[in-house]
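Take a look at the structure set out below.
The values are calculated or read from the model by the stated rules, or taken from the named source; none is laboratory data. Bear in mind that the values here come from a model prediction, so they are computed numbers and not experimental data. In this analysis, Cβ positions are derived from the backbone assuming ideal geometry, glycine residues included, and neighbour counts consider all displayed protein chains.
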Amino acid sequence: LQKDPSSRVDAPKLGRPLPHSLTESEVVALLDAPLVDDPEGFRDRVMLELLYATGLRVSELVKLQLGQISMNQGLVRIVGKGDKERLVPLGEEALDWLQRFLAGGRQALLGGQISGEVFPTRRGAGMTRQAFWYRIKKHALTAGIVKPLSPHTLRHAFATHLLDHGADLRVVQMLLGHTDLSTTQIYTHVARERLRNLHAKHHPRG
């Protein structure tokens, strides 16, 4: 042959890697890891609760201001990528933790300082994304979680668990603040992969 026939065949496109997620029991272990009798541990617990309840990006969480939260409506207003605004429900559990933190733990951290940050440091400033990522890894270690994690781990768990429990893909897209539905669709592959693994593990002919 003078010409390689395979030269006319397009190379297969490499799919996006599936995001690492946590099981529901692993999420519970992670949420339970911070010591809530310590002001910083209390703050971390509430931050983790909000991440899992809302699917916020860590960068959105650490910049959260008091004026973005409506306690009466149980909503948080987020300005995400491209300055696009979205309203995300907090859920009863996260709202309860947040109310308790704002009523006491936050002031213990501030020590009389004034700050508009929902989750301040002891200096009254907002926490950096890198500092919170360090604390997530610390709490994951306490929880005995050894799988690879990223700052978006709870955001991935939020999306995957919603789909596992029957949520509509477009609703998940809106909550995550994705412009393109295809970005959200990767979580359907995670859910399918989990179903395949469960089938292989529990079915007699799996």
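Only one of (1) within 19 Å of the chain's Cα centre (by Cα); (2) modelled with pLDDT under 95; (3) not polar (S, T, N, Q) fails for Trp97. Which number is that? Evaluating Trp97 over (1) within 19 Å of the chain's Cα centre (by Cα); (2) modelled with pLDDT under 95; (3) not polar (S, T, N, Q) leaves (2) as the failure. Of the residues screened, His156 is one that is at pLDDT below 90 and surrounded by 14 or more Cβ atoms within 10 Å (Cβ to Cβ). The helices (runs of 4 or more DSSP H) falling completely within region 80-153 that include 2 or more residues that are over 16 Å from Phe42 (Cα atoms) map to 129-142.
What about Ser59, is it assigned to a loop (DSSP other than H, G, I, E, B), more than 23 Å from Ile114 (Cβ to Cβ), in contact (Cβ under 8 Å) with a residue 12 or more places away in the chain and of a type in the set (S, T, N, Q)? For Ser59, the condition - assigned to a loop (DSSP other than H, G, I, E, B), more than 23 Å from Ile114 (Cβ to Cβ), in contact (Cβ under 8 Å) with a residue 12 or more places away in the chain and of a type in the set (S, T, N, Q) - is not met. Checking Val146 against (1) within 16 Å of the chain's Cα centre (by Cα); (2) without any contact (Cβ under 8 Å) to a residue 60 or more places away in the chain, which test does it fail? Status for Val146: all satisfied but (1).
Filtering region 31-42 to residues that are touching a helix residue (DSSP H, G or I) at 6+ places or on another chain (Cβ under 6 Å), under 17 Å from Trp133 (Cβ atoms) and touching a residue at least 60 places away in the same chain (Cβ under 8 Å) leaves Ala33, Pro34. When Gly67, Gly104, Gly74, Gly82 are checked against the criterion of being in contact with a helix residue (DSSP H, G or I) (Cβ under 6 Å, 6 or more places away or on another chain) and either among the aromatic types (Phe, Trp, Tyr) or farther than 18 Å from Trp133 by Cα (or both), a single residue qualifies: Gly74.
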